[in-house]
Structures are given as structure tokens and as C-alpha cells.
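Asker: There's a structure below that I have some questions on.
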């Protein structure tokens, strides 16, 4: 299908790549501005309706193929559908869309018939996909796995008896602004973004606003950095705009600084042009002519989608030289990271983009004064930039209407862990964690109790169940010892050991420490050792080792404070947070590990002892055959027993036993 | 950070060296205007060789005028780079927070037990390399394991053995045909309608698709798997990753490139007629796996 930007409405259209025009976007979407022709306007309106999927001529089948969808088997569903339709000569378009956010229901298949609303179904198994397509194409709503229908646009007929998708318990509590297009539009099509109002904010800003006005609007909106810092974006931009320099840079930080978060990936995979438009506006506002996207190499699909989007925008004259005849030039380049967590930190990221080891440097000078290649540089996260287009298009008041006094707008969270519905969630600032976990997420999976919610990744902290009514905004979270972070929200049930979680984060940080400053390099390793000693078994522990263990316990909190106070960059300063917050809220659990040598949650393997309940065991010998250490003894058809000295505590017997005879203590 | 020693096996570097370094220079040449492009250069080099041999690092240092210690420093700083050759199959287990609380450490231990290696190591028979990553971004479906570029979600300990067996068989080959995305097709030239199928040198056990290929004045032959969805190819000349080649019919010598361009990378796509009706379009950029089957 020819792209919209390549088409000319009629012979009078004079557009071409060599003739930039400030009205290009309006002309493409609404019809020609420079010549009056009802036929051309009519054609443009019809095309827009088709691209918005208000009036589709052929049935469309849309499969969510983000990375999470593909992991759940969307690729196979897609192929099954294509094959099936090819075999039946059925008239239908098969389209790949991004991820709508409800990862537990992946693979999600949407079907839209001409003149009807769009139906969403999921999870759709590979072998059920064909039957589902047949049923819907024949005009019957499928009996099962239906998620809901989209709201009718224009004169679309509604499916009777099918609930609205936006009333689905996962979507109802959300305020979807940044994610509005994710999973709805085809991310490889710039046209679909354009007809949904895309690039209007950028075109409008270029034509009728000065860079200072754009900065002012963003400052008024109250947008704060969504990468975790919470620094007012408008202020940052103003600082860079005022910095005198011939060359300035904009960097979009798409290096997800949090193992357990995937907002940036999903956003770029699902709606890459929104991020690009945000970058273009930001670059204009600060006077940058070169922009970089620093993206993780672990996200190959996101890199590809983004590269495609950059090419499309260049071809359409929205990037490059003299953009839309405004005299503004912008080049966007993609820089792939190579797997270093610390590169999410501003100054380390700059070093990495420059092709050096990603090590931070002391600030000031801040990057807005001296950054990339020694020039003023603004670094914004993907989510921050994705918020920008609508602030410009709808005004700062619209943006600030949602949120709390100091934190405006919405926040995207990657909800994961032991929760019934996992996925990507966008809620208004000020929503309680309880609402996110229990209403959006549907509570704890498997009917267990909620123990804690970890927010903000390795730099964040744990919020215990009793503080779960805390509101998400930058200030409230600090009162419970947590931080907003970039948006990872990992829900932990009763079977999670908080000491183990702290140890996990310390292990992570100590591996990822760049090694430049001593508090972080040495301190985090010592903290990890202390936590390891607490969680280790004590068989054969020597006197010296016991002393070291005691010493570690005594110094743990103090060491954490020292690391916090003296580390060079944000990574090190926040490194002890997981330990400090778990120590604050789950002290009894640490004490159980230290004094009673047991792990209440049954996770720390070396502190566990396994026993076989003689009443339940019928001597099937399955456990004995699975035991890697040969620690289970017993004759066939008589109760077995565990030899404690041989047991390595792997839990293979518990997993293997079908009679629940293995007891963990 | 992983700190490997620059242990390059002489045998590995020796045999390929002449050709290799030319490729490195070509990659460097492509990036000469790319400020701060060292990481991108090393990424491309690693994509070619699977690891970063010492000779390559020396060449990069010489050509760019940067001290070897800088190049070595970058190569050892980032987790993505490896100075040791990897095995044939790469098992990459996610150890992000979400995967951790859902039991990822036990999955990794099971891989370690089955492969009898530790994380970060390669089996002595050079079949498997086991690596862990901080996050693959599919947190909602943890624990996630990626084997040879394929994502597996909600992996249980009991499934590890099966995954390794499947990897050895190749998710390609026999298993490839059971994969729903993959099915054989027969194609012909859209200009002369001559069949392009070549039974003489089968790929994936089926007749291959034979095309002529041209790249900066050099010509060669390219064979593609006729399984739609398989990425197996064989060519008598090396096309560097990211390069766009021209495709021609080996019979009428007419060019096969037509618009529209590849939606992913904007390179021209070559059109082939599918027997039974329809058009197959393949992207002409090496490394871009985009292909479109339009059955009409």
C-alpha cells in the first residue's frame, strides 16, 4: 500500500520531498489547504476514516506482536491466521499491532468487520485462531476468551452482549494517555499515527511558537522527568535553551534502568512515532539539531521499529533539513547500548554515546551546561518525551488536570511479579498502589496474600502491605522509603523472602557497579557478602566466619548509609535503598534469619530443612529418584525419610511429590 | 562487569585472519563519520565473528588511532561483548526482578546442571553458551529464556531438558516444519516466469531458491531456503551485515527489485512470483529478516 506522504491528491497538488510546507500535516490528514477541492477533501476524509479504522472496507485482523506477545506465541498465531486465510481465499487484512498492555491475555487478536466495532479476544491459542477468525468473519461473537469491544467510532454497529473493552477491570481504572495508541495502531505505519493527530503538535510548534514558548508550556504543565528523578522537564529545557552554544544535543534515554520494567520497550514497539514527535518538539525547544536515542541492544524489535519510524519521518520531511519549511533542522540517530545498567545514569550514558566506557562523572557541570561532546545536552526518558506532543497539542491545563498538586499527569508502570493480571498500566498520579495491584492487577495470583510491592527497581524500595494505600506521586512514595523510579512495580506474595529480595538487588548492583568510585565498588560487594552470610547455612561454620557474620550484621545499616552518602552517581547513592527499605519494614524477617536461622518464607535454601510426613508418604520412590544428592532413603511402598546431612535443600523432592508429603521447615 | 582475559585461540584467528581484517576495515570505513561509533563498530564485528578476537581489537585500535587500552576497555566494560568464542547455541536466561520472584534462579541452576557449566561459560564441545541478562523486557511472562533468538515464556524447571533438546535439533530443520509460521513455497521469476527452484543444493531438506546477487560490482549466487519463515541461506560471496545487495534472475538476468521498500529498513524489496498465485517480497538488506507473502 502506498504511503500517504507519497500520494498526491490531484494534479494541482504541488507537494514533494523537495518542497517543504508548514501546512503539510493538515493537508495530508484533512485535505489540501492550498487549493479548494471538495473531491480532494472528501478523498482525504475517507482515507483518514479508513486509517483510523472507523470505516474499514475489508475485515481486519489485528494481532499484538510486541516482544511479550511474541514470547506468548503471537508469531505462531499470526502465521496460523495468514495460512488459514490464504487457504480460504478470505478477504481480510492481517495487521501486526503493538502491545495493548494486558500481557497475561497475550496473544491478543482483534477483529474488525466493516461497519462494526472492533472486538478484542485473548488469549488466543494457535490452534483456536482459525476458528475464532471464521466465527467473527461470519458475524458471530466468539463464546470464550473475549476481552471486550472498542467504543464505536462513527456509525459502527455494536456487538450485542459484548462488554466494552474500556470497562474491562484491567483497563477501567487506567487513564491511558501515553499508551493511547499502543496495541491499537500499526506501529510500522506512520499514516495511522498521522490520522490520530500525530505530528500536529510538532508542526504547530514550528509554525506558531518560539522555543521559549514551548519550554514555558512544558514548565506550566508540571511535567516531571519520568525516568525516576522527577526533575521538572520545562526547567531542564530552559536551562539548555539559555546555554550559549552553536551545537546542542537531545538524547532520549531508552535504556530501561530497571530489571523488571519494560515501559520504554512497549512504548517504542507500540507507538514509535509518538516518541519521535516528542523528541522533535524537545529538540526544537532547546535548539538542538542532533538527537540521539540511546536504546538497549536487548530490545531488537524496538530498535527495528524505531529505525523504521526514523526513516519514515525523514522520508516525509519531518526530520532532516528545513523541516516543514521552518528553517529548523534535526537529525535523529539511534545508538545501541551494549548491556550496562549504569548507562541509564546521565553522565554515564553520555560517555557511552561517545563510545567510551559508560562511567559517570561528578556533577556539576550538569549535562545541560556541558554534556555530550562537551556541548549542552538534554537527556529525557522515553515516557517524558512521549508526554510532550499532547501537552503542546492540548495545552498545559489539559495535562495538569490529572494528577496531584506536585505531580501532574499520568505514570506508566510495568506491573509484574505475583499478580493475577500483569502488564503495562498507565494511571493518573495520585492513584493508590492498592488500586493498581488489586483493581488493575486483579490481586495476588493463586489467592495468596500480598506481602510487599517493590517499586522503582534497584534504586527503589519495598512498600509493605500495610502501606499499600500510599498514593503514587514523587513525594508520597518518599514518605514510605520508596521512590518512583522508572516505573517497575513488582508485586510479591507471602512466599517471597525479603532478605532474598535485598540480596538479589545487591547482587545485581554489585555486578553492575562500574567500579569508578570506591563506596559503590567495594561497599556494595561487602553488603552482598553480609547478606549472603545471613542467608547461608551454618553447617561447618568456623569461629572466624561466625565472627565475620556477627560483624556484618552490626555494620550493615551503617555501611548502607556510608554508601548512600559518598557514592559518585545515582546508581551508587540509591544502591542501599532495597536493603534499607526492607530493613525498615521487614526487620523481624531479618531477625528470623539471623537469630533463629530460618527463612519464614521458605526461600533461602540453605536455611531450610526438608522432612517427609510419614503419614502422607506411600513410598512411591519418585522423590528419591529425583533427589540430586541421594539424600532420600526408604524402601518401596514404605515411608521415606530425608538424611539431613546429605540434603542440599534444592526442593526437587517437594516439587516431585504428588501427595504433598514433603514438609519444609 | 565481566572481565575476561584476551584469550583468543590462535587456531581460530589464524585461519580467518586475512579475510577477517578486511571486513573489520570495511565496517570501520562505514562508521568513519559516526562520532563515538566504537560501540557500534564492535557490535558489528561481534555480529560477524560471534566474539571479539584480539587481532580484531588491535586492528580497530590501529585504524581509529585510539589506544588499544581504550578499545579493550570498552570491549570488557559492556556485558554484550565477549572476548571468548561462544558456543553454537546461545541460551540467555533473564534474571530481572520479575523473573527472579517467579523462580528464575532455579531455572538458571537447572540449565547449569544440565549443561554442566556455570553461567557465562561455554560447554567443552562448543555447543552451548549459557548467559544471563538483567532484563529482557518481557517481565510479565517470566521466567523468560531466549535460546538462539527465540523467546520462551513461563519456563518451568521441567521444561529445560526439552528446550535444550529442541535447540540441538535446531528450532530450524525438522522442527522448523512443525512451527506454524514455516511452510514450503515454490517461486518463479516475475519477469521471465522461469522457476527459481534449484534441487541441486537443497537447504532445510528442500529445493532451494536460487538467485543471482550483485554487490558493488561483484556478482555471485545466493541460495535461500524455500521454507517461508526459515532464515537459512548460502551464498558464494559474503555480504556484510547491513549491506544492500541487488537481486537478479539467474535465467533472464533481469533485476528483481521493486518498490515498495522494506517497512523496517527501507531497503528495496525483491519480488518473486509464488506458484499457485501471490507474490513473495524479500528485503535485500543482509540481516534484515523482513519478508512479506502476499497471496492473492
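Asker: Going by alpha carbons, how many degrees (0 to 90, nearest 10) lie between the helix axis of A:38-51 and the longest principal axis of chain A?
Answerer: Helix A:38-51 sits at roughly 10 degrees to that axis.
Asker: What whole-number distance in Å separates the alpha-carbon centres of region A:198-248 and region A:283-356?
Answerer: If you average the Cα positions of each part, the centres end up 17 Å apart.
Asker: For region A:190-400, just say rounded, prolate or oblate: build the C-alpha gyration tensor, square-root its eigenvalues into a ≥ b ≥ c, call rounded for a/c under 1.5, and beyond that prolate if a/b exceeds b/c, oblate if not. Mind showing how you got there, number by number?
Answerer: Details: a/c = 1.41, a/b = 1.17, b/c = 1.21.
Here region A:190-400 falls in the rounded category.
Asker: As I understand it, the value is the acute angle between the Cα axis of helix A:382-394 and the longest principal axis of the Cα atoms of chain A; what does it come to in degrees, rounded to 10?
Answerer: The angle comes out near 40 degrees.
Asker: Something else: Full extension from residue A:369 to residue A:400: what is 0.36 nm times the residue separation minus their Cα-Cα distance, to one decimal in nm?
Answerer: Details: separation 31, 0.36 × 31 = 11.16 nm, distance 2.85 nm.
This chain segment gains 8.3 nm when fully extended.
Asker: Extending each Cα 7 Å along its Cβ direction at residue B:168 and residue A:479, get the distance between those two points in nm, one decimal.
Answerer: 6.0
Asker: Working from Cα positions, state the angle (0 to 90°, nearest 10) between the long axis of helix A:126-137 and the longest principal axis of chain A.
Answerer: 40
Asker: So, in nm, how far is label residue A:595 from label residue A:160 when the simple model puts each one 7 Å beyond its Cα toward the Cβ?
Answerer: Label-label distance for residue A:595 and residue A:160, simple model: 6.8 nm.
Asker: Please average, across the residues of B:88-95, the number of beta carbons from any other chain that are within 10 Å of each residue's own beta carbon, and give a whole number. The partial results should precede the final answer.
Answerer: Numbers: counts 0, 0, 0, 0, 1, 0, 3, 5.
Rounded to a whole number, the mean comes out at 1.
Asker: With a Förster radius of 25 Å, plug the Cβ-Cβ distance of residue A:12 and residue A:45 into 1/(1 + (r/R0)^6) and report the FRET value to the nearest 0.05. Spell out each step's value before the answer.
Answerer: On the way: r = 18 Å, r/R0 = 0.71.
Between residue A:12 and residue A:45 the formula returns 0.90.
Asker: Using a 10 Å cut-off on Cβ atoms, rank the peptides A:382-388, A:596-602, B:185-191, B:49-55 from the highest mean neighbour count down. Kindly include the intermediate steps, with their values, before the conclusion.
Answerer: Details: A:382-388: 28.6, A:596-602: 15.7, B:185-191: 18.3, B:49-55: 19.9.
Ranked from most to least packed, the peptides come out as A:382-388, B:49-55, B:185-191, A:596-602.
Asker: Pull out the extension gain between residue A:554 and residue A:469, defined as 0.36 nm times the separation in residues minus the alpha carbon to alpha carbon distance; nm, one decimal.
Answerer: Working: separation 85, 0.36 × 85 = 30.60 nm, distance 3.26 nm.
Taking residue A:554 through residue A:469 to full extension adds about 27.3 nm, to one decimal.
Asker: What is the mean number of Cβ atoms from other protein chains located within 10 Å of the Cβ atom of each residue in peptide A:411-418, rounded to a whole number? The partial results should precede the final answer.
Answerer: Details: counts 0, 0, 0, 6, 3, 11, 9, 3.
That works out to 4 on average.
Asker: What's the FRET efficiency of residue B:275 with residue A:37 using the Cβ-Cβ distance as r and R₀ = 51 Å, to the nearest 0.05?
Answerer: Numbers: r = 45 Å, r/R0 = 0.88.
Efficiency, from the Cβ-Cβ distance: 0.70.
Asker: Could you tell me the center-to-center distance, by alpha carbons, between region A:4-53 and region A:597-641 in angstrom?
Answerer: Each part reduced to its Cα centre gives a spacing of 73 Å.
Asker: Classify the protein assembly as shown as rounded, prolate or oblate, taking a ≥ b ≥ c as the square roots of the eigenvalues of its Cα gyration tensor: rounded when a/c is under 1.5, otherwise prolate if a/b is larger than b/c and oblate if not. Walk me through the numbers before you get to the answer.
Answerer: Numbers: a/c = 1.40, a/b = 1.27, b/c = 1.10.
Note, shape of the protein assembly as shown comes out rounded.
Asker: Can you say what percent of the DSSP beta bridges in region A:410-496, counting only those with both residues inside, are antiparallel? Round to 5.
Answerer: Details: 17 of 21 bridges.
DSSP beta bridges in region A:410-496 are roughly 80 percent antiparallel.
Asker: Using only the Cα atoms of region A:499-595, build the gyration tensor, take square roots of its eigenvalues as a ≥ b ≥ c, and label the shape rounded, prolate or oblate: rounded if a/c is under 1.5, else prolate if a/b is larger than b/c, else oblate. Working shown, then result.
Answerer: On the way: a/c = 2.02, a/b = 1.55, b/c = 1.30.
Prolate.
Asker: In whole angstrom, note down how far apart the Cα centers of region B:142-171 and region A:95-125 are.
Answerer: Between the Cα centre of region B:142-171 and that of region A:95-125, the gap is 26 Å.
Asker: Follow-up question, since we're still on this one. If you take the beta carbon distance between residue B:47 and residue A:665 as r and set R0 to 51 Å, what does 1/(1 + (r/R0)^6) give as a FRET efficiency, to the nearest 0.05? Numbers along the way, then the final one.
Answerer: Details: r = 51 Å, r/R0 = 1.00.
It comes to 0.50.
Asker: Starting from the Cα of residue A:212, move 7 Å in the Cα-to-Cβ direction to define the label point; list residues of region A:314-357 whose amide nitrogen is under 18 Å from there.
Answerer: No residue passes the distance filter.
Asker: Per residue of A:68-79, how many C-beta atoms from partner chains lie within 10 Å of its own C-beta, taken as a mean?
Answerer: Numbers: counts 9, 3, 4, 14, 6, 4, 0, 6, 4, 2, 2, 8.
If you average over the peptide's residues, the count of other-chain Cβ atoms is 5.
Asker: Show that you can apply the helix-only estimate: for the protein assembly as shown, add -39,500 (n - 2.57) for every DSSP H stretch of four or more residues, divide by all residues, and state [θ] at 222 nm to the nearest 500.
Answerer: Values: 32 runs with 331 residues, N = 961.
Per the formula, -10000 deg cm²/dmol.
Asker: Something else: Sketch the reach of a paramagnetic label on residue A:91 as a point 7 Å from Cα along Cα-to-Cβ, and name the residues of region A:31-62 whose backbone nitrogen lies under 13 Å away.
Answerer: A:56-60
Asker: In addition: Among A:583-590, B:126-133, A:497-504, B:100-107, how do they line up by average Cβ neighbours within 10 Å per residue, starting with the highest? Walk me through the numbers before you get to the answer.
Answerer: On the way: A:583-590: 17.0, B:126-133: 19.4, A:497-504: 25.0, B:100-107: 21.5.
Highest to lowest by the protection proxy: A:497-504, B:100-107, B:126-133, A:583-590.
Values in this text are rule-based calculations from the coordinates and carry no lab data. What you see is a predicted model, and the numbers here were worked out from it, not measured in a lab. No Cβ is skipped: glycine too gets one built from the backbone with ideal geometry, and neighbour counts run over all protein chains shown.
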